[in-house]
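Asks: Quick one: structure below, then a few questions.
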Amino acid sequence: MRGHKGFSLLELAIVLVVIGFLLGAILQGQSMIYNARLQKIAADMRQYAQALVLYYDRYGMYPGDENDPAFPPGDSFEGDHNGLVDTAQESSNAWQDMASTLGVVQRGSPVRGGAYQFGAMDFGSGTRNYVSVSNLPNRMAEAIDARHDDGLWNAGNIRCSSSYDGSDNLVTLYWGI
């Protein structure tokens with residue numbers, strides 16, 4: 001038997017065990033990246049919501065919704081001052097107002113080129129402002145809602161543009177302020 005070339009059963013078993021460990025490490029790493037993205041999105045939404053409230057606390061009006069022609073300096077758009085960031089122009093201007101007064105910069109979502117936006121919608125107890133993130137896989141939106149709210153797509157403080165189905169279909173997630 002010494003003259004045969006090849007691997008022994010023990011050598012093959014060791015190689016298979018090493019491959020198993022490597023696959024396990026890779027899968028664990030992917031899970032860590034996924035969870036880090038979830039946490040980053042939730043943290044971004046929370047920080048933007050806090051910035052909107054801080055702006056209101058300091059200036060008595062929401063960014064983008066203000067109708068004071070002298071504030072903030074260099075502002076080219078005046079909102080309707082109804083307490084809601086409820087038009088596309090007000091949403092766009094909110095970022096400009098917060099950047100010029102608070103230094104808050106609009107960043108892209110860490111997933112698939114999504115964007116954060118401000119707006120207003122009915123959360124079941126009247127219309128409120130929100131911060132949203134677009135182009136989020138449905139399963140990620142569901143996970144964020146389950147961790148930070150009630151896990152229901154159409155109830156609570158976190159809402160989704162469509163029902164949760166655990167897929168990679170892209171949705172928009174709304175976080176009420």
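The values are calculated or read from the model by the stated rules, or taken from the named source; none is laboratory data. From a predicted model like this one, the values you see are computed outputs, not experimental measurements. Methodologically, a virtual Cβ is constructed for each residue, glycine included, from the backbone with ideal geometry; neighbour enumeration extends over all protein chains shown.
Asks: Would you mind stating whether residue 91 is under 26 Å from residue 161 (Cβ atoms), in contact (Cβ under 8 Å) with a residue 12 or more places away in the chain and out of contact with any helix residue (DSSP H, G or I) (no Cβ under 9 Å at 6 or more places or on another chain)?
Replies: yes
Asks: Which condition number does residue 69 fail, the rest of (1) surrounded by fewer than 20 Cβ atoms within 10 Å (Cβ to Cβ); (2) touching a Ser or Thr at 6+ places or on another chain (Cβ under 7 Å) being met?
Replies: Failed condition: (2).
Asks: Against the definition (of a type in the set (Asp, Glu), touching a strand residue (DSSP E or B) at 6+ places or on another chain (Cβ under 6 Å), in a loop (DSSP other than H, G, I, E, B) and over 24 Å from residue 106 (Cβ atoms)), how does residue 150 come out, yes or no?
Replies: It is false that residue 150 is of a type in the set (Asp, Glu), touching a strand residue (DSSP E or B) at 6+ places or on another chain (Cβ under 6 Å), in a loop (DSSP other than H, G, I, E, B) and over 24 Å from residue 106 (Cβ atoms).
Asks: Just the residues that are more than 23 Å from residue 155 (Cβ to Cβ) and of a type in the set (Asp, Glu), please, taken from the range 97-137.
Replies: Listed by number, the list holds a single entry, 97.
Asks: Hey, does the range 150-158 have a residue that's within 26 Å of residue 83 (Cα to Cα) and among the charged types (D, E, K, R)?
Replies: no
Asks: Going through 46, 58 one at a time, which residue ends up being surrounded by 10 or more Cβ atoms within 10 Å (Cβ to Cβ) and either among the aromatic types (Phe, Trp, Tyr) or closer than 30 Å to residue 168 by Cβ (or both)?
Replies: Sole residue among the options that is surrounded by 10 or more Cβ atoms within 10 Å (Cβ to Cβ) and either among the aromatic types (Phe, Trp, Tyr) or closer than 30 Å to residue 168 by Cβ (or both): 46.
Asks: Scan the range 45-65 for residues that are acidic (Asp, Glu) and either at pLDDT 95 or above or over 18 Å from residue 117 (Cβ atoms) (or both) and jot them down.
Replies: The one that is acidic (Asp, Glu) and either at pLDDT 95 or above or over 18 Å from residue 117 (Cβ atoms) (or both): 57.
Asks: For the list (1) outside any helix (DSSP H, G or I); (2) on the phi < 0 side of the Ramachandran plot; (3) of a type outside the set (Phe, Trp, Tyr); (4) without any contact (Cβ under 8 Å) to a residue 40 or more places away in the chain, I need the number of the one condition that residue 6 fails.
Replies: Exception for residue 6: condition (2).
Asks: Here are some residues: 49, 13, 43. Which one is in contact (Cβ under 8 Å) with a residue 40 or more places away in the chain and either under 27 Å from residue 94 (Cβ atoms) or in a helix (DSSP H, G or I) (or both)?
Replies: Going through 49, 13, 43 in turn, the sole match is 49.
Asks: Filter the range 67-94 for residues that are closer than 22 Å to residue 50 by Cβ and outside any loop (DSSP other than H, G, I, E, B) and give the result.
Replies: Those that are closer than 22 Å to residue 50 by Cβ and outside any loop (DSSP other than H, G, I, E, B): 90, 91, 92, 93, 94.
Asks: If you don't mind, another one. Of the residues in the range 153-177, how many are in contact (Cβ under 8 Å) with a residue 24 or more places away in the chain, surrounded by 16 or more Cβ atoms within 10 Å (Cβ to Cβ) and in a loop (DSSP other than H, G, I, E, B)?
Replies: So the count comes out to 3.
Asks: Residues in the range 107-118: is at least one part of a helix (DSSP H, G or I), hydroxyl-bearing (Ser, Thr, Tyr) and surrounded by 15 or more Cβ atoms within 10 Å (Cβ to Cβ)?
Replies: no
Asks: Does the range 122-142 contain at least one residue that is among the aliphatic types (A, V, I, L, M), surrounded by fewer than 17 Cβ atoms within 10 Å (Cβ to Cβ) and at pLDDT 95 or above?
Replies: No: the range 122-142 contains no residue that is among the aliphatic types (A, V, I, L, M), surrounded by fewer than 17 Cβ atoms within 10 Å (Cβ to Cβ) and at pLDDT 95 or above.
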